[in-house]
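For reference, the structure is listed below as structure tokens.
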Amino acid sequence: MQIQLDLGKTPFSLDHTLSCGQTFRWERQGDWWTGVVSQKVLKVRQVNGTMEFEASSEAADAQFLSRYFRLDDDLLRIYSRFAKDHYLCNAVREFYGLRLIRQEPWECLVSYICATFKNIPAIKQMIRNVSRRFGRPVLFKGQQFFTFPESSVLAEAELRDLKLCKLGYRASNVRETAKLINDGNFDLESLREMAFKDAKRVLLSLPGVGEKVADCVLLFSLDKLEAFPIDVWMKRVVLEYYSENFEPAFVEKVKLKRTLSRREYQTLYDFGRSYFGEYLGYAQEYLYHYKRCQAQAGS
DNA sequence: TGTTTCCCTAAGTC
DNA sequence: AGACTTAGGGAAA
């Protein structure tokens with residue numbers, strides 16, 4: 001059964017939201033996007049101010065979609081707080097309506113542990129492989145999809161099988177993290193109620209989770225909009241667009257390095273926090289997408 | 001114009 | 001500070 005969700009005057013762009021690289025389980029065919037979210041298959045398209053969708057389960061109703069796509073965020077207010085320079089104004093104009101997505105924390109955590117040193121097509125491939133190998137099949141409109149496996153399943157997975165999913169050295173990090181989560185030492189949902197710094201400290205204790213992965217999980221699944229993940233693209237954004245905020249020697253030194261030390265990461269974060277304000281997580285996502293599109297257009 | 005090969009780099013962590 | 005580790009994708013052949 002097809003359901004409609006009226007967006008009213010709420011700024012929203014389904015295409016920008018699903019194209020910007022924050023999530024790895026959606027595919028576009030024509031106007032329609034199909035993806036697996038929390039045990040359900042969704043097929044969605046946007047026609048101006050309306051979202052039309054179908055789902056494999058009735059649990060995926062308009063309220064579910066509204067929560068997943070963060071339609072509760074007041075985007076205009078968020079824009080007014082950070083769109084104060086050339087780059088952000090351009091990014092907001094170009095990607096108007098792009099929203100962060102409220103992902104399922106466990107899948108988000110594994111996705112970003114896998115994301116280290118990989119490009120987005122490769123990450124999508126890994127998550128697809130893991131779901132096909134360890135997830136549960138769901139039939140939707142005559143096609144077979146696979147849910148993302150629970151931590152209990154990955155905790156008992158053979159390393160060999162995870163490596164066959166092309167995880168490489170990430171396989172052991174995924175399995176050991178799954179064990180810790182599954183043993184009940186960590187309740188990911190409880191992090192949502194904690195302060196940003198406390199939640200981050202907990203995540204940093206998991207194998208395969210450093211500053212950047214922790215920030216991604218906090219931003220994309222645990223409602224911490226003050227997270228500001230700095231990967232190679234965001235490093236370039238900060239050091240190229242906002243270099244005047246740093247010592248020239250620092251800029252030159254950090255530009256040349258492949259990876260950031262914890263101290264350097266913190267220095268870039270502190271700039272983001274003071275310059276972009278309370279919604280720096282949103283600013284991050286716009287600038288990340290903007291920089292990647294610029295690079296693609298230029299080459 | 002269609003393959004194959006080579007090379008660089010990727011939503012970093014420890 | 002340097003090792004880890006691998007596949008996608010563009011350039012070159």
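In nanometres, what is the gap between the two model label sites at residue A:32 and residue A:241, each 7 Å from Cα along Cα-to-Cβ?
3.6
Counting residues in chain A as N, plug N into 2.2 N^0.38 Å and put the Cα Rg over that result.
It is 1.00.
How about segment A:195-273: which trypsin sites (Lys or Arg not before Pro) there lie in a loop by DSSP and see at most 15 other Cβ atoms within 10 Å?
Within segment A:195-273, the qualifying trypsin sites (Lys or Arg not before Pro) (loop, at most 15 other Cβ atoms within 10 Å) are A:257, A:258.
Restricting to DSSP H runs of at least four residues, report the calculated mean residue ellipticity at 222 nm for chain A, -39500 (n - 2.57) per run over all residues, nearest 500 deg cm²/dmol.
Roughly -15000 deg cm²/dmol at 222 nm, from the helical runs in chain A.
Using the Cα centre as the reference, give the magnitude of the dipole from point charges on the C-beta atoms of segment A:2-72 (Lys, Arg: +1; Asp, Glu: -1; all else neutral), rounded to the nearest 20 debye.
For segment A:2-72, the charge dipole is close to 200 debye.
When the dipole is taken about the Cα centre of chain A, and only Lys, Arg (+1) and Asp, Glu (-1) are charged at their Cβ, what size is it in debye, to the nearest 20?
960
In debye to the nearest 20, how big a dipole does segment A:105-221 give about its Cα centre with +1 on each Lys and Arg Cβ and -1 on each Asp and Glu Cβ?
Computed charge dipole of segment A:105-221: roughly 620 debye.
What residue among A:26, A:5, A:66 has its Cα farthest toward the positive end of the dipole of segment A:2-72, where the charges are +1 on Lys, Arg and -1 on Asp, Glu, each on the Cβ?
A:26
Put +1 on the Cβ of every Lys and Arg and -1 on every Asp and Glu Cβ in chain A; which of A:188, A:268, A:116 then has its Cα farthest towards the positive end of the dipole?
A:116
How far apart, in nm, are the 7 Å Cα→Cβ label points at residue A:81 and residue A:141?
3.7
How about segment A:1-109: which trypsin sites (Lys or Arg not before Pro) there are in a DSSP loop, with at most 11 other Cβ atoms within 10 Å of their Cβ?
A:9
What whole-number distance in Å separates the alpha-carbon centres of segment A:8-81 and segment A:213-242?
With segment A:8-81 and segment A:213-242 each reduced to a Cα centre, they are spaced 21 Å.
Between beta-carbons, use under 13 Å as the cut-off and find the net charge around residue A:117, counting Lys and Arg +1, Asp and Glu -1.
Residues close to residue A:117 contribute a combined charge of +4.
Hey, what do the phi angles of segment A:53-69 turn into as Karplus ³J(HN,Hα) couplings, whole Hz, using 6.51/-1.76/1.60 and θ = phi - 60°, x for Gly and Pro?
8, 10, 9, 7, 9, 6, 5, 8, 9, 4, 5, 4, 5, 4, 6, 4, 8
For chain A, set up a Gaussian network in which alpha carbons nearer than 10 Å are linked by springs, and say which option among A:94, A:226, A:247 fluctuates the most.
Residue with maximal mean-square fluctuation among A:94, A:226, A:247: A:247.
Put +1 on the Cβ of each Lys and Arg and -1 on the Cβ of each Asp and Glu in chain A; which of A:89, A:202, A:289 then has its Cα farthest toward the positive end of the dipole?
A:289
For residue A:41, list long-range residues whose amide hydrogen, built 1.01 Å from N in the peptide plane, is under 5 Å from its own amide hydrogen.
Excluding prolines and chain starts, which carry no amide H, the hits are A:56, A:57.
Per residue of segment A:41-49, in order, report the coupling 6.51 cos²θ - 1.76 cosθ + 1.60 (Karplus, θ = phi - 60°) as ³J(HN,Hα) in whole Hz, putting x for Gly and Pro.
9, 10, 10, 9, 9, 10, 10, 6, x
So who's got an amide H within less than 5 Å of the one on residue A:83, skipping anything under 5 residues away but keeping other chains? H placed 1.01 Å off N, in plane.
Residues meeting the criterion, in which the H sits 1.01 Å from N, do not exist here.
Given labels modelled 7 Å from the Cα in the Cβ direction, how far is it in nm from residue A:2 to residue A:253?
Computed distance between label sites residue A:2 and residue A:253 equals 6.0 nm.
Read the figures in this text as sums done on the coordinates, not as results from a lab. A quick note: this is a predicted structure, and the numbers were derived from the prediction, not measured. No Cβ is skipped: glycine too gets one built from the backbone with ideal geometry, and neighbour counts run over all protein chains shown.
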